[in-house]
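Enquirer: Quick one: the structure is below, questions incoming.
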Amino acid sequence: MIERTFVLLKPDAVQRGLMGEIVGRLESKGLKPVAMKFMRLPKELAERHYAEHKGKSFFPGLIEYIISGPVLCMVWEGENAVASVRTMMGKTNPQDALPGTIRGDLCQQTGRNAIHGSDSVDSARREISNFFNDYEITEWKRSIDPWFFE
Ligand code: DAT
Ligand code: MG
């Protein structure tokens, strides 16, 4: 099933110069970018994005961190894209994330785990609409698609 998922590279990924590495992994997998935006999040948007965690002990620190510098907001499309990106990310705590995953290969701590990816198709729909207008999502045909999709 072709799906879309929302992916955000967090301030640590940007500061560490890991945008290319992570975008490269998603591209190599065959996922197709359909939207990208580099920005510093307004606090209100950060709080809306992480609304499910409101009230938890780590929430204030999470918000401060996510608005502390620019992030790369993206929408990626592909086969089973939501679960596929979650698998590529690895577990939330990089110490539990397997080698070969983004967090497992590149990160040390939960509070600096480089990447957000939607956890369900419903979350993806909600998150995409929080960050992008319809006209910012680009439908395009990729010439290599027949080498990924039969
Ligand atoms: P994920 O990012 O894997 O979807 P999540 O939705 O449970 O994980 O949490 C969102 C982010 O909040 C997570 O990437 C890092 C931060 N976070 C979660 N649990 C935390 C904890 N126990 N201590 C510190 N930060 C935490
Ligand atoms: Mg989550």
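Please treat every number below as a calculation from the coordinates, not as lab data. Model, not experiment: these values are computed from the prediction. Heads up, the Cβs are rebuilt from the backbone with ideal geometry, glycines too, and the neighbour counts pull from every protein chain shown.
Enquirer: What is the local net charge at residue 123, summed over the other residues whose Cβ is closer than 12 Å to its Cβ (Lys, Arg +1; Asp, Glu -1)?
Expert: It works out to a net charge of -1.
Enquirer: With the chain treated as a Gaussian network of Cα nodes joined by springs under 10 Å, which of 126, 25, 16 yields the largest mean-square fluctuation?
Expert: Of the options given, 16 has the highest mean-square fluctuation.
Enquirer: Cβ under 9 Å from residue 88's Cβ, residue 88 left aside: what net charge do those residues give with Lys, Arg +1 and Asp, Glu -1?
Expert: Result for the neighbourhood of residue 88: +3.
Enquirer: Restricting to Cα pairs below 8 Å that are 6+ residues apart, what does the relative contact order work out to for the range 2-136? Please round to a whole percent.
Expert: 38 percent
Enquirer: Can you give the FRET efficiency for residue 45 and residue 138, using 1/(1 + (r/R0)^6), R0 = 22 Å, r = Cβ-Cβ distance, to the nearest 0.05?
Expert: Plugging the Cβ-Cβ distance into 1/(1 + (r/R0)^6) gives 0.55.
Enquirer: Cα-Cα pairs above 20 Å in the range 31-89: how many percent?
Expert: Summing the P(r) of the range 31-89 above 20 Å gives 41 percent of all pairs.
Enquirer: Next question. Viscosity 1.306 mPa s, temperature 10 °C: Stokes-Einstein D of the range 93-150 from its Kirkwood Cα radius, in µm² per second?
Expert: Diffusion coefficient, whole number: 110 µm²/s.
Enquirer: Of all trypsin sites (Lys or Arg not before Pro) in the range 36-90, which ones are in loop regions per DSSP and have a Cβ with at most 16 other Cβ atoms within 10 Å?
Expert: 40, 54, 56
Enquirer: Looking at the chain, how many pairs of lysines come closer than 26 Å at the Cα, when each pair is eight or more places apart or spans two chains?
Expert: 20
Enquirer: Relative to the Cα centre, what is the charge dipole magnitude of the range 2-136, using +1 at the beta carbon of each Lys and Arg, -1 at the beta carbon of each Asp and Glu, and rounding to the nearest 20 debye?
Expert: So the dipole magnitude of the range 2-136 works out to roughly 260 debye.
Enquirer: If packing is taken as the average count of other Cβ atoms within 10 Å, what order do 129-137, 5-13 fall into, highest mean first?
Expert: 5-13, 129-137
Enquirer: Roughly speaking, what is the stretch gain from residue 145 to residue 121, that is 0.36 nm per residue apart minus the C-alpha to C-alpha distance, in nm to one decimal?
Expert: Extra length available between residue 145 and residue 121 comes to 6.4 nm.
Enquirer: Considering all projection directions equally, how large on average is the shadow of the alpha-carbon convex hull of the chain, in square nanometres?
Expert: The directionally averaged projection comes out at 8.9 nm².
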